[in-house]
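The values are calculated or read from the model by the stated rules, or taken from the named source; none is laboratory data. Everything numeric here is computed off the predicted structure, so don't read it as measured data. Please note: Cβ atoms are built from the backbone with ideal geometry, for glycine as well, and neighbour counts cover all protein chains shown. Heads up: the accessible areas ignore ligands, DNA and RNA and are worked out on the full protein's heavy atoms, side chains in. Shrake-Rupley method; radii C 1.70, N 1.55, O 1.52, S 1.80 Å.
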Amino acid sequence: MPRISAKFAELRKSRQSALVAYVMAGFPSNKATRAAVSGMVRGGADIIELGFPFSDPLADGPVIQNASRYSLQKGENTRRFFEMVRKIRRETDIPLVLMTYSNILHRMGYSRFISEAADAGIDGFILPDMPVEEAAEYKRAARGRAETIFLTSPNTSKSRIKSIAGASGGFLYLVAVYGTTGAKTGIKEYTIRAIKDVKRQTSMPVGVGFGVSAPADVRRYVRAGADAVIVGSAYMRIIEETPHERIESRIASFTRRLKKETIHAGSS
């Protein structure tokens, strides 16, 4: 069983939702990224989402955009990224998901990029600018190598949710708010309704992300039925303001607080 699916099966048995922790590769260095990942693992994260920088990250808010820009300026590239993934994989068996943009894969070639990523230890991909209608080549290249995690939103129609879920593997990513990542607009009732609506359309795990920044956010989404909660910009803010030698411990502490809220009510 693929690592992502195995993780969700394990969490269902223990009545927990998954904590998916995001970090931008190469910000402010690959050494810092590895320290952050170590802290996430120590703190109990269930899945790590590794961002690969792109020059025009339209789905991301200012915190992640700035991290992406800095990472590119420091020379982050696919060779360095895959090398870092291999080092992370030697230290942990945690599922690793790569979040980037379609042009990165297209430029190298879908088959080559996905093959190299999977060989390094990547288990799945999130491409926020990849519409399911144009994903045939991407899906073919990923088949048997990595999960393709597609995104849906609170205003996606029921028929389209089914189409997106049918193309997805691992879990379905529900965008919590209208806008970019990191938007601090509070939890919306339309998002709570969307979680319930999406779960009625698919048996696949549903993860909620964008604008999640505190343990209380995680708690609310888990209580609404989310199978996973994705936290990104809040982690990047910690990394941005923390000296390197303290990144792992601060990330671990924050992760523990988030993870505590993924345990379902009534669980021992």
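The lysines whose alpha-carbon is closer than 19 Å to the alpha-carbon of LYS31, local same-chain residues fewer than 8 away aside, are LYS74, LYS87.
A simple spin-label model places the labels of SER203 and SER159 2.4 nm from each other, with each point 7 Å out along Cα-to-Cβ.
The alpha carbon centroids of segment 1-53 and segment 105-138 are separated by 19 Å. Here's how it looks for ASP129: its modeled amide H is under 5 Å from those of SER102, which are all 5 or more places away or on a different chain.
Quick one: work out the % antiparallel among DSSP beta bridges in the chain, nearest 5. Percentage antiparallel, nearest 5: 5. Rounded to the nearest 0.05, what FRET efficiency is calculated for ALA136 and ARG237 with R0 set to 41 Å and r the Cβ-Cβ distance? Efficiency, from the Cβ-Cβ distance: 0.60. Averaged per residue, the chain has 43 square angstrom of accessible surface, using a 1.4 angstrom probe with ligands and nucleic acids left out. For segment 149-268, the Kirkwood radius over C-alpha pairs fed into Stokes-Einstein at 4 °C and 1.567 mPa s yields D = 86 µm² per second. The relative contact order of segment 1-111, computed from alpha carbon pairs under 8 Å that lie at least 6 residues apart in sequence, is 31 percent. Using 0.36 nm per residue and subtracting the Cα-Cα separation, the extra length available between ASP129 and LYS13 on full extension is 38.4 nm. Identify which of the listed values of Cα extents along the principal axes in Å was calculated from the structure shown: [x] 43, 41, 34; [y] 60, 44, 33; [z] 84, 69, 38. Among [x] 43, 41, 34; [y] 60, 44, 33; [z] 84, 69, 38, the one derived from this structure is [x]. Among the listed pairs LYS162/LYS188; LYS13/LYS259; LYS13/LYS196, those with a Cα-Cα distance over 19 Å are LYS162/LYS188; LYS13/LYS196. In whole percent, what relative contact order does the chain give with Cα contacts below 8 Å and a gap of six or more residues? Value for the chain: 25 percent. In the chain, the DSSP-assigned H stretches of four residues or longer account for a calculated mean residue ellipticity at 222 nm of -15000 deg cm²/dmol, using -39500 (n - 2.57) per stretch and the full residue count as denominator.
For the chain, give the percent of accessible area contributed by carbon and sulfur heavy atoms, probe 1.4 Å, rounded to a whole number. It is 47 percent, rounded to a whole number.
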